[in-house]
Amino acid sequence: RGRYQKVSENLEVKNVEHNGKRYVICFNPQEAERDAQVRQQVLKHLEQKLK
């Protein structure tokens, strides 16, 4: 629930409460994009190995 608040160019945060505990969730859009590219490369590699 709730929306992320932009803290800086590469950092967004939001507070989440779960079972009486407070968590701070961080999101870095630049890292998310890089991670997606790495996942795609790993999937391609695994698909080639399976063939």
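Kindly check whether there is at least one residue in segment 9-16 that is loosely packed, with under 11 Cβ neighbours inside 10 Å and not in a helix (DSSP H, G or I). If you could, list the steps in order and put the result at the bottom.
As a first pass, look at segment 9-16 and keep what is loosely packed, with under 11 Cβ neighbours inside 10 Å: 9.
From what is left, the residues that are not in a helix (DSSP H, G or I) are 9.
Yes, some residue in segment 9-16 is loosely packed, with under 11 Cβ neighbours inside 10 Å and not in a helix (DSSP H, G or I).
Would you confirm, using the coordinates I've provided, whether E47 is among the charged types (D, E, K, R) and either in a strand (DSSP E or B) or open to solvent by less than 90 Å² (accessible area, probe 1.4 Å) (or both)?
For E47, the condition - among the charged types (D, E, K, R) and either in a strand (DSSP E or B) or open to solvent by less than 90 Å² (accessible area, probe 1.4 Å) (or both) - is not met.
The values are calculated or read from the model by the stated rules, or taken from the named source; none is laboratory data. This is a predicted model, so every value here is computed, not measured. Cβ sites come from the backbone with ideal geometry, for glycine too, and all protein chains shown count toward neighbours. All accessible areas refer to the heavy atoms of the entire protein, side chains included, with ligands and DNA or RNA removed. Shrake-Rupley method; radii C 1.70, N 1.55, O 1.52, S 1.80 Å.
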